[in-house]
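Asker: Next up is a structure, given as structure tokens.
Any read-out appearing in this document is the output of simple, stated calculations on the displayed coordinates, not a laboratory observation. Note that the structure is a prediction, hence the values are computed from the model and not measured. Cβ sites come from the backbone with ideal geometry, for glycine too, and all protein chains shown count toward neighbours.
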Amino acid sequence: MNFDKLVEAIIKEAQDRGEFNNLPGKGKHIDLSAYFETPEETRVAQSVLKNAGMSSPEAELLQEIEGLKKLLPRAVNENKKLEIRKEIEHKQIEFRLMIERQSHQRRKK
């Protein structure tokens, strides 16, 4: 049996046992736009850093943005929601500038 078929069989058995039924975020949309906006080289570097227990400024900023997005629905009044939205927008702009700066530096080389 080749590797792909073996993996498919293991996944199918886990599905049959219901091991995927209660995963966190089940049925919710996963926003991967920030991931795909990040250049592939940066994603690879971030993956290596993460596996080594370290983090890059870009990864930390994305985590901050996700944390703010989770706070937004829990905000009790419109002023607080507006404040959180502005902070999210500010951090998204900061992230895009970081990525653009990296892209510009790569083009210079």
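Asker: Return S56, S47 ranked ascending by Cβ neighbour count within 10 Å, so the fewest neighbours appear first.
Answerer: So the residues, fewest neighbours to most, are S47, S56.
Asker: Angle check, please: helix 40-51 long axis (alpha carbons) against the longest principal axis of the chain (alpha carbons), in degrees 0 to 90, nearest 10.
Answerer: For helix 40-51, the angle is close to 70 degrees.
Asker: So which GluC sites (Glu not before Pro) in the range 1-104 pass both tests, a DSSP loop state and at most 12 other Cβ atoms within 10 Å of the Cβ?
Answerer: Those that pass, being in a loop and sparsely packed, are E19.
Asker: Cα axis of helix 57-71 to longest principal axis of the chain: angle in degrees, 0 to 90, nearest 10?
Answerer: Approximately 90 degrees, to the nearest ten.
Asker: What residue among L61, H104, V76 has its Cα farthest toward the positive end of the dipole of the chain, where the charges are +1 on Lys, Arg and -1 on Asp, Glu, each on the Cβ?
Answerer: After comparing all options, I get H104.
Asker: With charges set only on the Cβ (+1 for Lys and Arg, -1 for Asp and Glu), what does the dipole of the chain come to about its Cα centre, in debye to the nearest 20?
Answerer: 280
Asker: Another one. Tell me, rounded to the nearest percent, the portion of alpha carbon pairs in the range 4-65 spaced more than 15 Å apart.
Answerer: 68
Asker: Here's a follow-up. Test of understanding: express the Cα radius of gyration of the chain as a ratio to 2.2 N^0.38 Å, with N the residue count.
Answerer: So the chain has a normalised radius of gyration of 1.45.
Asker: Same structure again: Cα axis of helix 78-108 to longest principal axis of the chain: angle in degrees, 0 to 90, nearest 10?
Answerer: For helix 78-108, the angle is close to 80 degrees.
Asker: Which whole-number percent gives the relative contact order of the chain, counting Cα pairs below 8 Å spaced six or more residues apart?
Answerer: 20
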